[in-house]
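*Asks:* Quick one: structure below, then a few questions.
The values are calculated or read from the model by the stated rules, or taken from the named source; none is laboratory data. Computed from a predicted structure; not experimentally measured. Cβ placement follows ideal geometry from the backbone for every residue including glycine, while neighbour counts extend to all protein chains displayed. Only protein heavy atoms, including side chains, enter the accessible area calculation; ligands, DNA and RNA are left aside. Shrake-Rupley method; radii C 1.70, N 1.55, O 1.52, S 1.80 Å.
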Amino acid sequence: MNSMQAIVLAAGEGSRMRPLTASRPKVMLPVGGAPLLEELILRCRDAGINRFVFVVGYRRDVITSYFKNGSDFDVEISYAVQEKQLGTGHALMAASDLSDERFFVINGDVLPDVEALRHMMSLEDLSVATHRVVEASRYGVFLLRDGLVQGVVEKSPSPPSDMANAGIYLLDREIFELMEEVPVSIRGEYELTDGINALAAAGRKIWAVELSEWVEVGVPWDILTASNAVLSRKSPVIEGDVESGATLKGNVSIGSGTLVRNGAYIEGPVWIGRNCDIGPNCYIRAGSCIGNSVRVGNAVEIKNSTIMDGTKIGHLSYVGDSVIGYGCNLGAGTIVSNLRHDNRNIRSYVKGVLVDTGRRKLGVIMGDNVKTGVHTCIYPGTVIEPGYLSRPGEALRGYVKAMQSVSMG
């Protein structure tokens, strides 16, 4: 293949995504029915990028065993290892021996705009992707003059612009020389943005290309936003069995080996994986992504939620605006609340700290292998660590640690 190369930075755990990343890196969390990293590859491939270097580290076996050499995705993939996660610049340096003269660098937790990638490739000079944001203090932002980057300012309380760094760069090998001279940042890491500042200071022309679409998965509820973005691009495919009394409305995909039983009402966009058992008499609403080997029981309602592989949702349950991990079991009558009585934004947890999610509706962020007893009630914004076991009739709220599990023996 003779095409553009992309170095994808995918070595980190994604600590802000905990507890979902306890057994897999953030880039392997599902969005729209496939790992985030797979969707990134497909978008890059659509833009003409067919060769990749994945910089891996945390739980790298999960990535390498899934993607292998890339042939299943019609691309070429090689791997560089970042043994210690010491920042984005340090991650890029791990790929130095595998890079072309000119290449993309893409953060593994973003979904790029295909047309913008094509435009960046058409430019003779270096370029970066940017996206106009409302809360610029949450992002690194570019200082621009006549469309050219003058520098990058990281997460300032008084940001000098609203043009956020979108984590997509078209660079050449000079970046490696400059990164050798970059000092450790205030966070104790080697930052790629310091290398961009060095390129600008050296007089290199770096064009800023504004994205029309940009999704970054930085906190757990971003999975819901990303899934909706992916679902909007999918065409419906029905490979499973749908009984005559079931209703599929709009863009709905059903994987092979899945049975949708009589009385199920599925309102797209919805993606359902392989070997699932759906219904009878359940309601799956728009924005929902259901993984492989999932059971959705009688009189269950699921709305705008991501349900990962092997999870079972017992009859008479409700799950709204939630992310449910692998291998969970929701006992009959488990109700996930997703709205406050006062209609204020839901607050939830990032790295154990309570934050405003900016969302009016958010249910639970549930780690792998959680089991709820019958008639469990879960408050909006609750986070539950992997392996938690709840009593029947329990009310769960806040940050629920696995050590709080009650022995059933």
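*Asks:* Among the residues of the stretch 254-274 satisfying the criterion of being farther than 17 Å from Leu224 by Cα and in contact with a Leu (Cβ under 9 Å, 6 or more places away or on another chain), which is surrounded by the fewest Cβ atoms within 10 Å (Cβ to Cβ)?
*Replies:* It comes out as Tyr265.
*Asks:* Within the group Gly320, Gly310, Gly325, Gly314, which residue is in contact with a strand residue (DSSP E or B) (Cβ under 7 Å, 6 or more places away or on another chain), more than 23 Å from Asn251 (Cα to Cα), modelled with pLDDT of 95 or more and open to solvent by less than 60 Å² (accessible area, probe 1.4 Å)?
*Replies:* Selected residue: Gly325, the only one of Gly320, Gly310, Gly325, Gly314 that is in contact with a strand residue (DSSP E or B) (Cβ under 7 Å, 6 or more places away or on another chain), more than 23 Å from Asn251 (Cα to Cα), modelled with pLDDT of 95 or more and open to solvent by less than 60 Å² (accessible area, probe 1.4 Å).
*Asks:* Can you name the residue in the stretch 377-402 that is more than 21 Å from the chain's Cα centre (by Cα) and β-branched (Val, Ile, Thr) and, of all such residues, is surrounded by the most Cβ atoms within 10 Å (Cβ to Cβ)?
*Replies:* Out of the qualifying residues, it is Ile378.
*Asks:* Do we have any residue at all in the stretch 326-348 that's touching a residue at least 24 places away in the same chain (Cβ under 8 Å) and in contact with a helix residue (DSSP H, G or I) (Cβ under 8 Å, 6 or more places away or on another chain)?
*Replies:* Within the stretch 326-348, none of the residues are touching a residue at least 24 places away in the same chain (Cβ under 8 Å) and in contact with a helix residue (DSSP H, G or I) (Cβ under 8 Å, 6 or more places away or on another chain).
*Asks:* Go through the stretch 62-79 residue by residue and tally those that are within 18 Å of Thr21 (Cβ to Cβ), of a type outside the set (A, V, I, L, M, F, W, C) and in contact with a strand residue (DSSP E or B) (Cβ under 9 Å, 6 or more places away or on another chain).
*Replies:* Number of matching residues: 2.
*Asks:* Go through the residues of the stretch 41-55 one by one and say whether even a single one is open to solvent by less than 20 Å² (accessible area, probe 1.4 Å), in contact with a Lys or Arg (Cβ under 7 Å, 6 or more places away or on another chain) and outside any helix (DSSP H, G or I).
*Replies:* No: zero hits.
*Asks:* Can you list residue pairs whose Cβ atoms sit under 6 Å apart, with the first residue in the stretch 281-301 being touching a residue at least 60 places away in the same chain (Cβ under 8 Å) and crowded, with 18+ Cβ neighbours inside 10 Å and the second being aromatic (Phe, Trp, Tyr) and outside any loop (DSSP other than H, G, I, E, B)? Count only pairs 6 or more apart in sequence or on different chains.
*Replies:* What qualifies is Cys289/Trp271.
*Asks:* A further question follows. Considering every residue within the stretch 85-105, establish whether at least one is on the phi > 0 side of the Ramachandran plot and part of a loop (DSSP other than H, G, I, E, B).
*Replies:* Checked against the condition, which is being on the phi > 0 side of the Ramachandran plot and part of a loop (DSSP other than H, G, I, E, B), the stretch 85-105 yields at least one hit.
*Asks:* How many residues does the stretch 236-253 hold that are β-branched (Val, Ile, Thr) and surrounded by fewer than 16 Cβ atoms within 10 Å (Cβ to Cβ)?
*Replies:* Going through the stretch 236-253 one residue at a time, the tally reaches 3.
*Asks:* Test Thr21 against the stated conditions and say whether it is free of Cβ contacts under 8 Å to residues at least 40 places away in the same chain, surrounded by fewer than 21 Cβ atoms within 10 Å (Cβ to Cβ) and of a type outside the set (Gly, Ala, Ser).
*Replies:* Here the answer is no, as Thr21 does not meet what is asked.
*Asks:* Can you find even one residue in the stretch 364-375 that is more than 17 Å from Asp321 (Cβ to Cβ), open to solvent by less than 60 Å² (accessible area, probe 1.4 Å), outside any strand (DSSP E or B) and polar (S, T, N, Q)?
*Replies:* no
Conditions (1) surrounded by fewer than 21 Cβ atoms within 10 Å (Cβ to Cβ); (2) among the hydrophobic types (A, V, I, L, M, F, W, C); (3) not in a helix (DSSP H, G or I), marked per residue:
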{"position": "Ile7", "(1), (2), (3)": "no, yes, yes"}
{"position": "Val62", "(1), (2), (3)": "yes, yes, no"}
{"position": "Tyr66", "(1), (2), (3)": "yes, no, no"}
{"position": "Ser78", "(1), (2), (3)": "yes, no, yes"}
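*Asks:* Looking at the stretch 80-112 only, could you name the residues that are surrounded by fewer than 23 Cβ atoms within 10 Å (Cβ to Cβ), in contact with a helix residue (DSSP H, G or I) (Cβ under 9 Å, 6 or more places away or on another chain) and charged (D, E, K, R)?
*Replies:* Answer for the stretch 80-112, where residues must be surrounded by fewer than 23 Cβ atoms within 10 Å (Cβ to Cβ), in contact with a helix residue (DSSP H, G or I) (Cβ under 9 Å, 6 or more places away or on another chain) and charged (D, E, K, R): just Lys84.
*Asks:* Which residue out of Val128, Val114, Val105, Val153 is modelled with pLDDT under 85 and aliphatic (A, V, I, L, M)?
*Replies:* Of Val128, Val114, Val105, Val153, the one residue that is modelled with pLDDT under 85 and aliphatic (A, V, I, L, M) is Val153.
*Asks:* Can you tell me which residue within the stretch 328-363, out of those that are open to solvent by 20 Å² or more (accessible area, probe 1.4 Å) and among the hydrophobic types (A, V, I, L, M, F, W, C), is nearest to Ala22 (Cα to Cα)?
*Replies:* The extreme case among them is Val353.
*Asks:* Now for a different question. Identify the single condition in (1) assigned to a loop (DSSP other than H, G, I, E, B); (2) open to solvent by 20 Å² or more (accessible area, probe 1.4 Å); (3) farther than 19 Å from Ala166 by Cα that Gly12 does not satisfy, given that it satisfies every other one.
*Replies:* (3)
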